[in-house]
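Enquirer: First, the structure itself, so that you have it in front of you.
The values are calculated or read from the model by the stated rules, or taken from the named source; none is laboratory data. The model shown is predicted, which means the values in this text are computed figures rather than measured ones. Neighbour counts run over all protein chains shown; Cβ positions are idealised from the backbone, glycine included.
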Amino acid sequence: DDLDLGGYRHYMYKEIQEQPECLERMIRGRLDDRFGVSRLDGLNLTPRDLRGFARVKILGCGSAYYAGQIGATMIEDLARVPADAEAASEFRYRNPIIEADTLYIAVSQSGETADTAFAVEEVKRKGGRVVGLVNVVGSTIARACDGGLYLHAGPEIAVASTKALTNMAVGFAMIALALGRVRDLSNADGQRIVAALRALPKQVAAIVEAEARIAEHAKICADARSLFFIGRVRGFPVAREGAQKFKEISYRHAEAYQTSELKHGPLALIDEELPTVAIVPSDDLADRNLAAMQQIKARKGQVLAITHDDVDFGDLDVPRFVVPRSEPELDPILLTIPLQLLAYHAALILGHDIDKPRNLAKSVTVE
Ligand code: AGP
């Protein structure tokens with residue numbers, strides 16, 4: 001009811017604002033600064049178990065699936081264990097091969113998503129080991145898993161997921177640390193990631209406070225019939241989640257592409273009427289991302305870059321929203337936040353029912 005809104009106009013907005021404190025709860029008691037590692041007792045996995053996994057398979061739906069894609073990259077980066085995310089809604093129908101040396105991770109805010117719950121059952125039936133990253137305590141998926149981490153994001157009411165997704169990404173970072181530190185990840189690198197995790201709440205607060213600077217771009221996006229969200233490698237799941245959030249509450253067609261794929265087809269659609277939101281972190285792909293933005297501009301496309309302050313745009317004149325830098329492996333967490341605000345402000349302009357968008361339910365408990 002309105003009391004829970006605590007003076008905010010929308011749950012989605014309230015939940016975006018709550019993220020710094022949700023992050024604090026997520027990491028509390030789970031990080032060890034001295035040994036640069038996470039302490040995840042709830043997973044019920046011994047160091048020997050952790051060392052024994054040859055692969056990681058992450059299962060979730062919608063935004064939880066995109067959080068899983070962010071997580072898979074973190075696990076490959078930090079632990080050098082092959083990892084991928086798959087839509088649980090597909091996994092359950094394709095007679096998947098379940099391997100004893102794969103760690104399965106089910107990710108879900110509600111813990112009640114039927115597709116994800118079925119996927120968990122399928123893994124278990126065939127002898128796989130599955131842990132959960134779940135927000136709702138005691139939910140179906142949480143109970144079905146062999147162990148897990150609760151997200152501690154608190155109740156998420158808005159259909160469009162924000163704070164749960166952010167905590168999912170942090171959960172994956174901590175699992176990546178746990179897997180990495182029993183393999184080749186050095187103590188120094190572990191400490192680097194632990195320090196970066198501890199810095200996240202303040203950094204997220206800074207982004208949320210800069211809301212007005214992202215809101216100024218919402219009108220262009222709201223006016224467009226269709227938008228692209230582009231990113232590559234670590235930035236691609238960020239783009240997918242940005243497009244997802246945007247289409248859920250603005251009802252505008254938004255599509256995510258790998259920036260590298262533009263020239264293989266989608267570039268044909270670019271003109272002055274199709275704006276692009278580009279994820280441009282300060283990494284070794286920045287130059288290639290700049291070249292892609294150049295190509296979009298040359299075709300009269302408008303671009304908004306979500307970027308870091310040390311990316312040199314040279315004479316490329318595009319509006320930018322700058323987020324604080326984390327460690328490169330964790331940058332996707334911070335790059336996602338402005339996209340929540342962009343979608344929120346576009347939907348506000350359009351006058352949509354932000355918390356209960358048409359055709360969608362908070363959790364999909366039926367097939
Ligand atoms: C997120 O904004 C969506 N409403 C939706 O994609 C959601 O993430 C998905 O249905 C999975 O829900 P869950 O996390 O509760 O399993």
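Enquirer: Do we find that Val182 is modelled with pLDDT of 95 or more, in contact with a helix residue (DSSP H, G or I) (Cβ under 6 Å, 6 or more places away or on another chain) and away from the ligand (no atom under 16 Å from the Cβ) in this structure?
Expert: It is true that Val182 is modelled with pLDDT of 95 or more, in contact with a helix residue (DSSP H, G or I) (Cβ under 6 Å, 6 or more places away or on another chain) and away from the ligand (no atom under 16 Å from the Cβ).
Quick grid of which residues meet (1) assigned by TED's automatic domain parsing to the domain that holds Gly171; (2) under 22 Å from the mean Cα position of the chain (by Cα); (3) free of Cβ contacts under 8 Å to residues at least 24 places away in the same chain; (4) assigned to a loop (DSSP other than H, G, I, E, B):
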{"residue": "Gly301", "(1), (2), (3), (4)": "no, no, no, yes"}
{"residue": "Leu330", "(1), (2), (3), (4)": "no, yes, no, no"}
{"residue": "Pro338", "(1), (2), (3), (4)": "no, yes, no, no"}
{"residue": "Ala343", "(1), (2), (3), (4)": "no, yes, no, no"}
{"residue": "Leu360", "(1), (2), (3), (4)": "no, yes, no, yes"}
{"residue": "Val366", "(1), (2), (3), (4)": "no, no, no, yes"}
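Enquirer: Just one of Pro266, Pro237 is within 16 Å of the ligand (Cβ to nearest atom), out of contact with any Leu (no Cβ under 6 Å at 6 or more places or on another chain), of a type outside the set (Lys, Arg) and outside the structural domain of Thr162 (by TED's automatic domain parsing); which is it?
Expert: Matching residue, one of Pro266, Pro237: Pro237.
Enquirer: Tally time: how many residues in the stretch 269-299 are touching a Lys or Arg at 6+ places or on another chain (Cβ under 7 Å) and of a type in the set (A, V, I, L, M, F, W, C)?
Expert: Number satisfying all stated conditions: 2.
Enquirer: From the list Asp84, Asp77, Asp49, Asp4, exactly one residue is outside any helix (DSSP H, G or I), away from the ligand (no atom under 16 Å from the Cβ) and charged (D, E, K, R). Which is it?
Expert: One residue alone meets the criteria, Asp84.
Enquirer: Can you tell me how many residues in the stretch 303-326 are part of a strand (DSSP E or B) and over 18 Å from Leu274 (Cα atoms)?
Expert: Of the residues in that region, 3 qualify.
Enquirer: Counting just the residues of the stretch 261-309 that are among the small types (Gly, Ala, Ser) and more than 23 Å from Ile207 (Cα to Cα), which one comes out surrounded by the most Cβ atoms within 10 Å (Cβ to Cβ)?
Expert: Looking at the filtered set, the residue picked out is Ala292.
Enquirer: Now a separate question. Report, ordered by the first and then the second residue, all pairs with beta carbons closer than 6 Å, sequence separation of six or more or different chains, a first member in the stretch 174-203 that is under 14 Å from Leu45 (Cα atoms), and a second member that is hydroxyl-bearing (Ser, Thr, Tyr).
Expert: If the second residue must be hydroxyl-bearing (Ser, Thr, Tyr), the pairs left are Met174/Ser38; Leu177/Ser38; Ala178/Ser38.
Enquirer: Restrict the check to the stretch 316-331 and report whether at least one residue is farther than 18 Å from Lys163 by Cα and within 16 Å of the ligand (Cβ to nearest atom).
Expert: No, because not a single residue in the stretch 316-331 is farther than 18 Å from Lys163 by Cα and within 16 Å of the ligand (Cβ to nearest atom).
Enquirer: Additional query: Return yes when Gly42 is within 13 Å of the ligand (Cβ to nearest atom) and of a type outside the set (Lys, Arg) and no when it is not.
Expert: Considered against the rule, which asks whether it is within 13 Å of the ligand (Cβ to nearest atom) and of a type outside the set (Lys, Arg), Gly42 comes out as no.
Enquirer: Take the stretch 87-119 and flag every residue that is in a helix (DSSP H, G or I), among the aliphatic types (A, V, I, L, M) and surrounded by fewer than 24 Cβ atoms within 10 Å (Cβ to Cβ).
Expert: Result: Ala114, Ala117.
Enquirer: Scan the stretch 128-148 residue by residue and report those that are within 14 Å of the ligand (Cβ to nearest atom) and not β-branched (Val, Ile, Thr).
Expert: Across the stretch 128-148, the qualifying residues are Gly132, Leu133, Asn135, Ser139, Ala142, Ala144, Cys145, Gly148.
Enquirer: With the condition kept exactly as written, say whether any residue in the stretch 118-127 is within 12 Å of the ligand (Cβ to nearest atom), within 20 Å of the chain's Cα centre (by Cα) and of a type in the set (A, V, I, L, M).
Expert: no
Enquirer: Moving on to the next point. Residues in the stretch 168-188: is at least one β-branched (Val, Ile, Thr), part of a loop (DSSP other than H, G, I, E, B) and more than 13 Å from Val37 (Cβ to Cβ)?
Expert: Looking for residues that are β-branched (Val, Ile, Thr), part of a loop (DSSP other than H, G, I, E, B) and more than 13 Å from Val37 (Cβ to Cβ), one finds none in the stretch 168-188, hence no.
Enquirer: Now, a different point. Condition first: crowded, with 24+ Cβ neighbours inside 10 Å and aromatic (Phe, Trp, Tyr). Now tell me which residues in the stretch 216-255 satisfy that.
Expert: Matches in the stretch 216-255: Phe228, Phe229, Phe236, Phe246.
Enquirer: Can you tell me which residues in the stretch 214-252 are out of contact with any strand residue (DSSP E or B) (no Cβ under 6 Å at 6 or more places or on another chain) and free of Cβ contacts under 8 Å to residues at least 40 places away in the same chain?
Expert: The answer is Glu216, Asp223.
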